[in-house]
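**Student:** After the structure tokens below, expect a handful of questions from me.
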Amino acid sequence: GCGGNDASDPGATSSGETMEPVVWKIESAYGTGDQCMDIQMPMLKKVIEETTGGLVTVEMYEPDSICTAADIPMAVINGTLQGGLSSPNDTCAIVDAAYSETTPPFFFTSKEQQYDCLYNAGWVDFLREAYYEKGIIYGGFAPQGDQAFLSTFSMMSIDDMNGHVLRALASQADFLTSCGASTVTMSGSDIYMGFQLGTIEGTLFGMCDMYGMGWYEVISHCVPCVNAGSPCNFIFNKAAWEALPEDMQADLYEAIQNMYFDLYAESEKLQQVALDACAEHNVVVQDVPQEEVARFVEVGMELMETWKEKYPGAAKGFDIILDWEKENLAANS
Amino acid sequence: MEASLGAVLVLMLVMMIVMTSGLPVPFALGGTAILAVLVFWDPSGFISVSNGVWSTFIGDSYVAIPMFLLMANILERTGIADDLYEMMYNWMSGIRGGLAMATVVICAIFGAMCGGSGAATVTMGLIALPSMKKRGYDEKIAMGVILAGGVLGIIIPPSIPMVILSQYSRSISVGKLFFAGVIPGILCAIIYCIYIGVRCAINPNLCPAIPKEERPSWNEKVKSLSAVIAPAILIVAVLGSIYMGLATPVEAAGLGAGCSIIIALLRRKLTIKILNESLAKTLKLIGMILWILAAAAMLNTVLNVMGVNKLLQDAAMALPGGANTVMILMMLLNFVLGCLMDDYAVITLTAPIYLPLIEALGIDPLWFSLIFMLNLQMAYLTPPYGFNLFFLKSIVPKDVPVTRIYKAAIPFIALQLVALLICWNFPTLITWLPSKLI
Amino acid sequence: MDKISKSFVNSVDRLSHLIGEIGKWFLMVMVFSLMFEVIARYFFKAPTIWAADVCEQCMILLGSIGGAYSYLYDQFVRIDLLYEKLSLRRRAILDICTFVIFAIFMYMVVTTNFEAMFTAYEINITSPTIMRIPYGYGRTAVAIGSVLLALQGISILIKNIHVLRYNEPYPQLYHN
Ligand code: NA
Ligand code: NA
């Protein structure tokens, strides 16, 4: 056992048997005002309840209501939660493979590329297997629109990062340091003031978060880049998931995969609002030139090679991304 | 399982009974949480017990708390307060009520160095109180000013209760909250000084000025100014390092603790014995605080699963008078709770319920947090349970009965209420400084 | 019986005290780490990768060790509205009654924390930071700290029974 008490789960029914309706408690890593709670959770609830034909009712919980955001993966394992919208930055405490989910900036330049690597190149299959070993069902990727490099200085190349102080989550610290930046840990709620006072000069974060937290008031530059930093994913409790009939499990996997572009579209709407706010506050939204993107990718690829040794559990995931990237580069050249 | 408002009230009642029976607060909170899991949840909810402990212990913002505590515990023993008092004495003893006003100013300076209220109350109680009494000051004013002055430490940044409060809302930055406290803290200090001035003007015998021939020379006055050096260094280390972008609030707390140790060393006040005692005292306090926070986290989880937030939110929305009524009710409840329990218990019990409600009502959480803190200020002074009352009782001569300390506190509680009402009606006093930080 | 309980109380009190005396020095480790981090980052542009982790581990130890240490010195705050006004004996009776709540609470704290500790080792949970510090150690500290706090509670119960029987304060080994 994983130390949890699964008494809340229905007696596991093998497929075909009739199952009593159940309630799933699902907690989000980010609360009201963030797209996790405002867009992704309601959409997930709708998809689950429709796909299971009302067998499962979803109760949505704000972060810190049943456990802290960092504890969501653990709570999903031990059955306190039946599901979670979790950040790989937290999940990697338990599942090594989650390290492969936080790719360096500019590996993907469009949502289609990311989707292709996730669902066609076998990345999600790998994640499912790795999560399963630790007792978690990896439901699927939860796109949050573009991530962005937000800063108080112009960031057009790797060289620009040199000597600047950036706020970083653990998994990003390696990358930013290897670009010559200094990193600092601070809580998300202090980022606004950190920019204001110059404690930090940049960070990697979601565009929509940037809008939600009002950072457009205190930054001067913004470089959007797909999936750099920490997107979220949908995870579920093993016992609760496997209590569903098998065909229903397969349907759910598919339904979550099919949500990808809908979620992205919703995020893009919010992203437009964020871009408007940037324009209004004279935040320069800029694109990194192609040759500089190539340099970022190069540094990222070198780093991933070393990460394969550092996080052996994620090695296969890094290989999938690296192979996909090599193919992509070959196709473009 | 959904709970009714009645069930929640019964649960709270049970908790209050357990608490008043003398069981330490963390066990009362935790025991209530376990009872609630049994009644309203299922055994899978017990995992929230270990989650509560773990997530509290690894909470990265809480790192600031032991650092601020250590800083205060060392400062108490460095003699900085003696020097400051001597300086203030030289400059202000010639004024009617000058020593009392000086005490307020020193408490405010101490407040800017420490995160809590204990250090200022204890040191001023030991230094200023005997001195004021010797000079014929009215005992009620002398004690009251030390009681109220000490609590300035939780309003004037840095502030441990603010660190804890900010944990209950993602939209509140600790640093912003710190800066929001500057003006209200100074406002409180000014109100106390005005009160002393007015009382002295009406009745000159209350706080007599010292005779001309006893007043210190200009030479002495100027020389004593060096007393501000050490506090200035410490304020720069903590608030300055945050303001200049050198350090995060957590790191600033560490800098403050480190600098106070270095200053104690330079002043030759740091013996192994003093360091030993300061560390031990800090561990005792942080051990207690972390277990209260852990137990409160458990109870909070169960209340969330019970849907209490939603329940109260609906109830609040249905109230006539809207946001104002809700605010007034919250403040009244906090005042009553503040009479009965300590600051940590009040915050951990009410903040997780209040803050989501405040955000749902569209009230600025930063402004609310400061009003909350100004209310909490009174809790340190309201009998029967008030930290500063206890601190003072522990250092005054044995023949001073506790009722005399209670009486000394009353006018200052009223003054704190005045400060709260002013900040309530003029929110810019709170929000202006944090919005100007560039 | 008296002798056994007395030696139990003494051993528990000594243990809580001793561990606290060692544990308090982790505060100095935190002070050093935080100062070092700021200086290294600001003046040498070379922040550490360990300061935040070290502080996190220290906090875990402070919480684990500090509970029993604080309770030993009767520093856990209580609402003494009625309590203060009672005689020594009545207070002891009240404490013995409320011990039931303490016992149930600590039973849950100890068992769930041990479960969490085993899980942490079993699935190898680490900190999500570059240092990847195994959380099993921290969880072990919390589990042991919970046991210490529970033992301290039992020690205080025995002291209260003494008060009830002899109507005199228990001769404490450690005073504030
Ligand atoms: Na303060
Ligand atoms: Na009070």
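The values are calculated or read from the model by the stated rules, or taken from the named source; none is laboratory data. Being a predicted model, the structure only gives us computed values, none of them experimental. Using ideal geometry, Cβ is built from the backbone for each residue, glycine included, and neighbour counts are taken over all protein chains shown. Each accessible area value is taken on the protein alone, full model and side chains, heavy atoms only, with ligands, DNA and RNA left out. Shrake-Rupley method; radii C 1.70, N 1.55, O 1.52, S 1.80 Å.
**Student:** Along Cα→Cβ, 7 Å out, is where each label goes; now give me the distance between the ones at residue B:232 and residue C:2 in nm to one decimal.
**Tutor:** Those two pseudo-labels are separated by 6.5 nm.
**Student:** Computed from the mean reciprocal separation of all distinct C-alpha pairs, what Kirkwood hydrodynamic radius does the range B:1-54 have, in Å?
**Tutor:** The answer is 11.8 Å.
**Student:** Multiply the residue gap between residue C:89 and residue C:122 by 0.36 nm, knock off their C-alpha separation, and tell me the result in nm, one decimal place.
**Tutor:** On the way: separation 33, 0.36 × 33 = 11.88 nm, distance 4.81 nm.
Here the answer is 7.1 nm.
**Student:** Let me ask something else about it. Along the three principal axes, how long is the range B:93-249 when you take its alpha carbons, biggest first, rounded to the nearest angstrom?
**Tutor:** Here the Cα extents, ordered largest to smallest, are 56, 32, 23 Å.
**Student:** Residue separation times 0.36 nm, minus the C-alpha to C-alpha distance between residue B:222 and residue B:428: what's the value?
**Tutor:** Values: separation 206, 0.36 × 206 = 74.16 nm, distance 3.72 nm.
Gain on extension, residue B:222 to residue B:428, equals 70.4 nm.
**Student:** Continuing with this model, one more query. Relative contact order for chain B: what percent, with Cα pairs under 8 Å and sequence separation of 6 or more?
**Tutor:** Relative CO of chain B lands at 26 percent.
**Student:** Work out the mean other chain Cβ neighbour count within 10 Å for the residues of C:44-54 and drop it here as an integer.
**Tutor:** 4
**Student:** At a probe radius of 1.4 Å, figure out the C/A buried accessible area, summed over both chains, and give it in Å² to the nearest 100.
**Tutor:** The buried area between C and A, both sides summed, comes to about 1700 Å².
**Student:** Where the centre of each part is set by its Cα atoms, how far does the range B:1-80 sit from the range C:21-79, in angstrom?
**Tutor:** With the range B:1-80 and the range C:21-79 each reduced to a Cα centre, they are spaced 21 Å.
**Student:** What average count of beta carbons from other chains do you get within 10 Å of the Cβ of residues in B:291-303?
**Tutor:** The per-residue average across the peptide is 3.
**Student:** Work from the charge dipole of the protein assembly as shown (Cβ charges, +1 for Lys and Arg, -1 for Asp and Glu, about the Cα centre) and give the residue of B:6, B:266, A:122 farthest towards its positive end.
**Tutor:** So the residue furthest toward the plus end is B:266.
**Student:** Related question: Which FRET efficiency value, to the nearest 0.05, is calculated for residue A:162 and residue C:167 with the Förster distance at 60 angstrom and r the Cβ-Cβ distance? Walk me through the numbers before you get to the answer.
**Tutor:** On the way: r = 75 Å, r/R0 = 1.25.
Working from the Cβ atoms, E equals 0.20.
**Student:** Hey, got the dipole for the protein assembly as shown? About the Cα centre, +1 on K and R Cβ, -1 on D and E Cβ, debye to the nearest 20?
**Tutor:** It comes to approximately 6240 debye.
**Student:** Roughly speaking, to the nearest percent, how much of chain B's 1.4 Å accessible area is carbon and sulfur?
**Tutor:** Carbon with sulfur: 70 percent of the solvent-accessible area.
**Student:** Right, something else. So if R0 is 22 Å, what FRET efficiency would residue C:32 and residue B:244 give, r being the distance between their Cβ atoms, rounded to the nearest 0.05?
**Tutor:** So the FRET efficiency works out to roughly 0.50.
**Student:** Now a separate question. In the protein assembly as shown, if the dipole is taken from +1 on Lys/Arg beta carbons and -1 on Asp/Glu beta carbons about the Cα centre, which of B:257, B:369, A:22 is farthest to the positive end?
**Tutor:** B:257
**Student:** Then there is this: Which whole-number value in Å² is the accessible area per residue of the protein assembly as shown, probe 1.4 Å?
**Tutor:** Working: 34350 Å² over 947 residues.
In whole numbers, the protein assembly as shown has 36 Å² accessible per residue.
**Student:** A further question on this structure: May I ask what percent, to the nearest 5, of DSSP beta bridges between residues of the protein assembly as shown are antiparallel?
**Tutor:** 60
**Student:** Here's a follow-up. Using 0.36 nm times the number of residues separating residue C:97 and residue C:43, minus their current alpha carbon distance, what extension gain do you get?
**Tutor:** 13.6 nm
**Student:** In addition: Going by accessible area, probe 1.4 Å, with all protein chains left in place, what is the ranking of B:226, B:169, largest first? Intermediate results must be reported in sequence, preceding the final value.
**Tutor:** On the way: B:226 70, B:169 10 Å².
Descending order: B:226, B:169.
**Student:** Let me ask another. Work out the charge dipole of the range C:3-166 with +1 on the Cβ of Lys and Arg and -1 on the Cβ of Asp and Glu about the Cα centre, then indicate which of C:157, C:15, C:127 is farthest towards its positive end.
**Tutor:** Most positive-ward Cα: C:157.
**Student:** Calculate the radius of gyration of the Cα atoms of the range C:3-166 to one decimal place, then report Dmax, the largest Cα-Cα distance, as a whole number, both in Å.
**Tutor:** 19.8, 66
**Student:** In cubic angstrom, how much convex hull volume per residue do the alpha carbon atoms of chain B span?
**Tutor:** Residue-normalised Cα hull volume stands at 149 Å³.
**Student:** Check residue A:164: other-chain or 5+ apart residues with amide H under 5 Å from its amide H, H built from backbone geometry?
**Tutor:** A:182
**Student:** Something else: Please state the charge dipole magnitude for the range C:3-166, taken about the Cα centre, from unit charges on C-beta atoms (+1 on K and R, -1 on D and E), reported in debye and rounded to the nearest 20.
**Tutor:** 560
**Student:** Give me P(r) over the protein assembly as shown, computed from all C-alpha to C-alpha distances, binned every 10 Å, as integer percentages.
**Tutor:** Answer for the protein assembly as shown: a P(r) of 2, 11, 20, 24, 20, 13, 6, 2, 1, 0, 0 percent.
**Student:** Rank by packing, highest mean first: peptides C:14-24, B:201-211, with packing defined as the count of other Cβ atoms within 10 Å averaged across residues.
**Tutor:** Answer by packing, highest mean first, reads C:14-24, B:201-211.
**Student:** What percent do you get for the relative contact order of the range C:3-166 when only Cα pairs under 8 Å and 6+ apart count?
**Tutor:** 33
**Student:** For the range B:377-424, how big is the tail of P(r) above 16 Å, as a whole percent of Cα pairs? Walk me through the numbers on the way to the answer.
**Tutor:** Values: 433 of 1128 pairs.
In whole percent, the share of Cα-Cα pairs in the range B:377-424 beyond 16 Å is 38.
**Student:** Moving on. Compare A:268, A:20, A:298 in a GNM of chain A, Cα atoms joined below 10 Å, and give the one with the largest fluctuation.
**Tutor:** So, out of A:268, A:20, A:298, the one fluctuating most is A:20.
**Student:** Give me the distance in nm between label points sitting 7 Å out from Cα along the Cα-to-Cβ direction at residue B:414 and residue A:261, one decimal.
**Tutor:** It works out to 7.3 nm between the two label points.
**Student:** Which FRET efficiency, nearest 0.05, do residue B:272 and residue C:11 yield, Cβ-Cβ r, R0 25 Å? Walk me through the numbers before you get to the answer.
**Tutor:** Numbers: r = 27 Å, r/R0 = 1.09.
Once the sixth-power term is evaluated, E becomes 0.35.
**Student:** Further question on the same structure: Comparing A:35, A:113, A:271, which has the greatest mean-square fluctuation in the GNM of chain A with Cα pairs linked when under 10 Å apart?
**Tutor:** Judging by the Gaussian network model, the answer is A:113.
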